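See structure below.
Computed from the coordinates by the stated procedures, all read-outs in this text should not be read as laboratory data. Everything numeric here is computed off the predicted structure, so don't read it as measured data. All Cβ positions, even for glycine, are placed from backbone atoms using ideal geometry, and neighbour counts span all protein chains on display.
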């Protein structure tokens with residue numbers, strides 16, 4: 001841990017970096033380089049400076065080097081105090097982030113994966129969607145709990161397709177956990193708690209799993225559940241694999257009721 005430092009005047013880029021870390025909870029050099037479209041050396045230097053000034057903490061040990069992994073950074077107490085009261089940032093979220101140092105590697109890896117998914121979607125569908133992370137959803141009370149990893153809202157509404165999406169990533173979760181999450185979406189849909197209480201406007205649900213085998217198992221389960229609960233044609237659920245989501249091409253999704261029906265996100269009806 002670096003020694004205590006005196007007050008330090010943050011510049012706009014450093015403030016933006018802190019807010020980006022708030023957005024995803026954790027950040028690393030490679031992801032920051034992609035967000036900023038700059039070199040790894042520049043972003044590593046920016047992260048190191050804020051770590052030394054105690055605005056960021058970091059997770060790193062010798063095993064990371066053997067695995068080819070870099071350090072992951074999070075908002076330290078000084079950074080959290082600095083961001084308190086800033087417009088658009090939620091106080092409850094900031095308070096929860098005081099636990100950042102003690103959370104598991106699995107949790108950290110998941111949040112970094114969400115940041116990578118965000119970048120992939122942004123690059124595949126430029127200027128198509130507003131995207132909100134869990135941290136940014138907490139100012140609204142109509143999301144299911146736990147909140148989705150990402151919420152997407154179409155910038156220019158479509159008259160025939162979906163305009164809103166809730167996306168979850170399950171690369172390390174067993175199938176029964178994914179089924180439980182899908183059941184929670186069905187219950188939330190039935191509750192009418194979505195904004196405005198309009199079932200017709202309920203977002204499409206996007207579920208990302210580790211491989212095609214699990215995707216097929218999930219599709220079969222969800223098709224039966226939607227049919228048995230009378231939600232087929234009302235609640236729309238689509239699946240893909242993490243490899244498909246992070247590919248260089250626009251992600252191709254499968255409708256769980258018609259798995260052979262492959263479609264890109266911006267063409268969903």
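Tabulated data
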item	result
Residue order, fewest to most surrounding Cβ atoms within 10 angstrom, among 201, 141	141, 201
Kirkwood-based Rg to Rh ratio, segment 113-164, C-alpha trace	0.98
Residue order, fewest to most surrounding Cβ atoms within 10 angstrom, among 207, 27, 97, 268	268, 97, 207, 27
Computed E for residue 109/residue 220 - FRET, C-beta separation, R0 22 angstrom, nearest 0.05	0.20
Dimensionless Rg ratio for the chain, taking C-alpha atoms and the 2.2 N^0.38 Å reference	1.06
Residues 132, 107 arranged by fewest to most Cβ contacts within 10 Å	107, 132
Residue of 14, 229, 54 that the Gaussian network model of the chain assigns the largest fluctuation, springs spanning Cα pairs under 10 Å	229
Along principal axes, Cα extents of segment 69-129, largest first, whole Å	35, 32, 17
Rounded to 5, the percent of DSSP beta bridges in the chain classed as antiparallel	65 percent
Shape of segment 111-267, Cα gyration tensor, a/c cut at 1.5	rounded
Among 75-82, 244-251, the order from most to least packed when residues are scored by Cβ within 10 Å on average	75-82, 244-251
Gained length - residue 11 relative to residue 39, 0.36 nm times residue gap less alpha-carbon distance	8.2 nm
Rounded to 5, percent antiparallel among DSSP beta bridges of segment 111-267	60 percent
Tensor-based shape of segment 12-103 (alpha-carbon gyration tensor, a/c under 1.5 rounded, otherwise prolate or oblate)	oblate
Percent breakdown of C-alpha pair distances by 5 Å bin, ordered from the shortest bin, for segment 58-184	2, 8, 15, 18, 21, 18, 11, 5, 2, 1, 0
